[in-house]
Amino acid sequence: MTLIIQKYGGTSVGSTERIKNVARRIARFRARGQQIVVVVSAMSGETNRLIALAKEFQAHPDPRELDVMVSTGEQVSVALLSMALMDLGVKAKSYTGAQVRILTNNAYTKARILKIDEDKIRADLDAGYVVVVAGFQGVDESGSITTLGRGGSDTTGVALAAALKAEECQIYTDVDGIYTTDPRIVPEARKLKTITFEEMLEMASLGSKVLQIRSVEFAGKYKVRLRVLSSFNEEGEGTLITFEEGENMEHAIISGIAFNRDEAKITVLGVPDRPGIAYQILGPVADANIDVDMIIQNVGHDGMTDFSFTIHRNEFARTVDILKNQVQPHIGARGVMGGDRIAKVSVVGVGMRSHVGIASRMFRALAEEGINIQMISTSEIKISVVVDEKYMELAVRVLHKVFDLDQVS
């Protein structure tokens, strides 16, 4: 018997009828003789409802208590799906993260998985059960409930696939695979048959919301075959995320265009140009658990320079406050300025390793549309630019066309 892990997101189990549809799909897989472990999210909208409820009592809910509360969403989903399977004559048993013992650290609301005790699951599989596990949650050493952060059910699915050495981890979502870019912005976007882990990791980190980035990192680390499929479409093989670059990858210079509008840019003006200044600026920001993305330090002039970086838009006000009240007086900077109406647009592709001129094609295409580039960041398989938010969709459409991503390979 082959073992597969199937993960269903919130929209896939968003109503009782959708839960019944998921149960029917699982029953068909089970009828083929496959062992199945299912990971489910809370019903769509439920986690947001619970968070809003908590905020009626605390503006910034206590992280431990918030985890206790929001984890109940998945508890409802696993029980309902197990009942739906039983109603179809399929043996099923549900578990919360604590019952399986998905052991995590104690970083409430953003915990990391340390170990999974798979004994109960293996015993149930051997007894012919479909095992239904609550995604997004675990338990720390003290027995406190923890959650893995938004999108954490993807990570639960991948972690179980790694622990159980499953043949494949199938992520069922409201889309039928990974596209060259968002079809809502570019209707000509194509579904990819395969994409490498490197490319998927870049796409996820650069704004593609199909998979949680930590789940892709986990899958790459433990060599878990990942496949993204639609829970609303019975046909199609979705997109397989591969370990190796296939023979056809040489021809696909660029695999996709990613974008993220949740960006803000901050510049610290008149910074002393001396060793350690970057740490003096970014150290307090890091201490506040604020992630910094792109960084640019201008060429020094008369012993002074300007230092710019990007962060998540939600952290803009807090970061400016830290810089103005802690950093600026300490280092003697001239001022702090910035804005939260920028966006990041990126081209991603392993083919960039063996093809030159990608950056010049990208920059020329944007220049011809009058789109000004504010910042640039590159890696071996991606080029990212920061542009004014109002030009983001135009930039995505132009680059999608320039790199022939609407052409079937």
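The values are calculated or read from the model by the stated rules, or taken from the named source; none is laboratory data. The shown structure was predicted, so the numbers you read here are calculated from the model rather than taken from an experiment. Cβ sites come from the backbone with ideal geometry, for glycine too, and all protein chains shown count toward neighbours. Please note that ligands, DNA and RNA were not included when accessible areas were found on the heavy atoms of the full protein model with its side chains. Shrake-Rupley method; radii C 1.70, N 1.55, O 1.52, S 1.80 Å.
Structure above, values below:
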read-out: Enumeration of residues in segment 120-156 that are at negative phi and open to solvent by 20 Å² or more (accessible area, probe 1.4 Å); value: Lys120, Arg122, Ala123, Asp126, Ala127, Tyr129, Glu141, Ser142, Ile145, Arg150
read-out: Counted residues, segment 73-98 - those being farther than 11 Å from Ala23 by Cβ and assigned to a loop (DSSP other than H, G, I, E, B); value: 2
read-out: Those residues of segment 350-409 which are in a strand (DSSP E or B), of a type in the set (Val, Ile, Thr) and either out of contact with any Leu (no Cβ under 8 Å at 6 or more places or on another chain) or over 30 Å from Phe243 (Cβ atoms) (or both), in sequence order; value: Ile376, Thr378, Ile383, Val386, Val387
read-out: Lone qualifier among Leu50, Leu66, Leu80 - being hydrophobic (A, V, I, L, M, F, W, C), at pLDDT 95 or above and either over 22 Å from the mean Cα position of the chain (by Cα) or open to solvent by 50 Å² or more (accessible area, probe 1.4 Å) (or both); value: Leu80
read-out: Test: Ile358 is touching a residue at least 60 places away in the same chain (Cβ under 8 Å), more than 26 Å from Tyr279 (Cα to Cα) and open to solvent by less than 30 Å² (accessible area, probe 1.4 Å); value: yes
read-out: Restricting segment 276-308 to residues that are open to solvent by less than 40 Å² (accessible area, probe 1.4 Å), in a strand (DSSP E or B) and in contact (Cβ under 8 Å) with a residue 40 or more places away in the chain, the residue that is farthest from Ser379 (Cα to Cα); value: Phe307
read-out: Hey, Arg318 among the charged types (D, E, K, R) and assigned to a helix (DSSP H, G or I) or not; value: yes
read-out: Subset of segment 95-110 (residues that are open to solvent by 40 Å² or more (accessible area, probe 1.4 Å) and at negative phi); value: Ala98, Gln99, Asn105, Asn106, Tyr108, Lys110
read-out: Test: residue in segment 374-382 that is within 23 Å of Leu201 (Cβ to Cβ), open to solvent by less than 20 Å² (accessible area, probe 1.4 Å) and among the basic types (Lys, Arg); value: no
read-out: Close pairs (7 angstrom Cβ cut-off, 6 or more residues apart or separate chains): open to solvent by 50 Å² or more (accessible area, probe 1.4 Å) in segment 313-336, assigned to a helix (DSSP H, G or I) anywhere; value: Gln326/Pro284; His330/Gln280
read-out: 1 or more residues in contact with a Phe, Trp or Tyr (Cβ under 7 Å, 6 or more places away or on another chain): qualifying strands (runs of 3 or more DSSP E) within segment 142-239; value: 145-147, 168-173, 226-230
read-out: Sole exception among (1) within 19 Å of Ile171 (Cα to Cα); (2) surrounded by fewer than 18 Cβ atoms within 10 Å (Cβ to Cβ) for Asp87, by number; value: (1)
read-out: Selection count where residues are open to solvent by 50 Å² or more (accessible area, probe 1.4 Å), part of a helix (DSSP H, G or I) and without any contact (Cβ under 8 Å) to a residue 40 or more places away in the chain, scope segment 24-45; value: 2
read-out: Residues of segment 206-235 satisfying the condition of being buried (at least 18 other Cβ atoms within 10 Å of the Cβ) and of a type in the set (Gly, Ala, Ser); value: Gly207, Ser208, Ser215, Ala219, Gly220, Ser231
read-out: Residue match in segment 173-187 (condition: in contact with a helix residue (DSSP H, G or I) (Cβ under 8 Å, 6 or more places away or on another chain) and open to solvent by 50 Å² or more (accessible area, probe 1.4 Å)); value: no
read-out: Selection within segment 1-23 - of a type in the set (S, T, N, Q) and either more than 22 Å from the chain's Cα centre (by Cα) or open to solvent by 20 Å² or more (accessible area, probe 1.4 Å) (or both); value: Thr2, Thr11, Ser15, Thr16, Asn21
read-out: Test set (1) over 30 Å from Val22 (Cα atoms); (2) modelled with pLDDT under 90; (3) not polar (S, T, N, Q) - Leu211 fails condition number; value: (1)
read-out: Tabulated pairs, segment 57-79, first on the phi < 0 side of the Ramachandran plot, second among the basic types (Lys, Arg) and in a helix (DSSP H, G or I), C-beta under 7 angstrom, 6+ apart or interchain; value: Pro61/Lys55
read-out: Filtered residue count, segment 323-337, keeping only those that are closer than 12 Å to Ile266 by Cα and either part of a helix (DSSP H, G or I) or more than 32 Å from the chain's Cα centre (by Cα) (or both); value: 3
